[in-house]
Amino acid sequence: MRLSYVRELDEYPTGARRMKILTMAVLAILIGSYEGQIAPVVPLLLEDLDMSLATYGTVSGLAAVAGAIASILGGRLTDRLGRVRLLIPLMALTAVLCFVMTLVHTPRDLLIVRIVLAFVDGVAMASTAPLIRDFSPRLGRAQAFGFWTWGPVGANFLAAAVAGWTLPIFDNSWRSQFVIMGCFSLVISIVIALNIADLSPELRARIQHTERAATRVVDLSAPPRLRSLFSRPNIWAHVVGISLWLVLYVTLSLFGQTMLVGALGVSSAEASTIMAAFWSLNLITLIVRGRLSDRTRLRKPFSLGGTVAAVLVTAYLAVELGRQDVSTGTLMVTGALLGGSLGVAYAPWMANYSEDAEDADPRLQGTAWGLFGFLSKGIAVIGLLVIPHVVEATGWQTWLFVALGCLILFIPAIVMFNGPWRRSARTPAPVALGEADS
């Protein structure tokens, strides 16, 4: 029997109806990512709980392990059970867990709450990227995934901006951030539950080229096989390559404020303001370059160009961390350029990965994105366990050079992705993200 809160569509939605569902998926990843944010208050948390950076790394690393396991599990479940059936109840539960964070008084309390929150959130958020794929035809997919990335990236920006604004108001109490987080998440969860929908299994098995043109490429009577996905070299190039690319992103996401406070001696509020500048330009380029990628039907050139630009800016930032007289303005400009460069590369890569996985079997999108979630959290685990020790031994500058090396290694992986380097003269005119075919 179908659960009452699950609205399943038997006809592919077009125009404003499709856009509304896509918006709900973006809001879902936004609040799911926001609920996991802790970076803006780490310096305050370490002091209040009398906890070392290494201990915090261990706590967060174990939580990330739980989240990684949850992502791969959630990816398989969302392919089998549907997206919305998992998403709605688990979103409400994660909002409640934000309030539970205010009850933390020891590192042990922090460990327990972060593990539970990471696991529940990991299963819930495994549905969001497949939802974006389900409701975004290929001719608008990079832009759609750019909006999806507004979730994790927007959560970094939102958490940094809210912390920079409200921490002085609440006497630098880190608990205030989780009360704000819980209230915001509960309200948005209700909005999502009232407006989101799911595709029927038959519709999920198709490749949607435009809002009205689709291709059926699989036999629904035969079950999907993981071998069809993981026997492809281009999928492994995506998997290995993005794992290396994510080292820098995870460093900035988890330790951005802490790195600035520790290396340059700025305040927690200043560090959050600087990181907000980083995420703000990242948000803009994700959409602008995602749209351009869709218009040109090119993925790999944007991934390459954005990564090369990020390599150059990261090298400059690593050098700047060795100085003690860097101005806040310089850091904001450098951070914004770095965030913008990463945004240029990321949305086209997501579209490229989704399309390459779709070519293997459209029914395995949840599995493919569950693997991505596992990898991203796995990199976070490594970072949380390794970064504090490297920093304590050699400083933040050394670690940033390590992240730079990993970013460089992503470049050769791009060559193995499917897709053209140049625009074909016969490429059909793309349809805008919210535009229906006539």
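The values are calculated or read from the model by the stated rules, or taken from the named source; none is laboratory data. Keep in mind it's a predicted model, so treat the numbers as computed, not measured. Every residue, glycine as well, gets a Cβ built from its backbone with ideal geometry; the counts of neighbours run over all protein chains shown. The area values use the complete protein model at the heavy-atom level, side chains included, leaving out ligands, DNA and RNA. Shrake-Rupley method; radii C 1.70, N 1.55, O 1.52, S 1.80 Å.
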Whole-percent carbon and sulfur share, accessible surface of segment 91-153, 1.4 Å: 80 percent
Accessible area of segment 72-139 divided out per residue, in Å², using a probe of 1.4 angstrom: 33 Å²
Helical contribution to [θ] at 222 nm, DSSP H n ≥ 4, -39,500 (n - 2.57), averaged over the chain, rounded to 500: -25000 deg cm²/dmol
Residues with amide H under 5 Å from that of residue 198, placed H, sequence gap 5 or more: 7, 8, 9
Anisotropy class of segment 317-385 from Cα gyration tensor, a/c 1.5 cut: oblate
For the chain, built as a Gaussian network whose Cα springs stay under 10 Å, the top-fluctuating residue of 18, 80, 227: 227
For the chain, size of Cβ-based charge dipole, Lys and Arg +1, Asp and Glu -1, in debye: 1480 debye
Test item: Cα-centred dipole of segment 242-345, Lys/Arg +1 and Asp/Glu -1 on Cβ, debye: 620 debye
Alpha carbon centroid spacing (whole Å) that separates segment 347-367 from segment 133-151: 11 Å
Carbon and sulfur %, accessible surface of segment 292-383 computed with the full protein complex present, 1.4 Å: 69 percent
Residue among 13, 71, 34 farthest towards the positive dipole end of segment 1-155, charges placed on Cβ: 13
Selected from 239, 336, 275, residue furthest toward positive end of dipole (segment 222-343; charges at beta carbon): 239
Dipole magnitude of segment 55-196, debye to nearest 20 (Cβ charges: Lys/Arg +1, Asp/Glu -1, about Cα centre): 420 debye
Relative contact order, percent, the chain [alpha-carbon distance under 8 Å, six or more residues apart]: 28 percent
Listed residues 114, 423, 299, most fluctuating in the chain (Gaussian network, C-alpha, under 10 Å): 423
Accessible area of segment 272-361 divided out per residue, in Å², using a probe of 1.4 angstrom: 31 Å²
Average accessible area per residue (Å²) across segment 16-70 - probe 1.4 Å, nucleic acids and ligands excluded: 31 Å²
Dipole axis of segment 269-391 (+1 Lys, Arg; -1 Asp, Glu on Cβ), positive-most option in 322, 382, 364: 364
Other-chain or far-sequence residues with amide H under 5 Å of residue 170's (modelled H): none
Most mobile listed residue (315, 159, 95) in the chain, GNM with C-alpha springs under 10 Å: 315
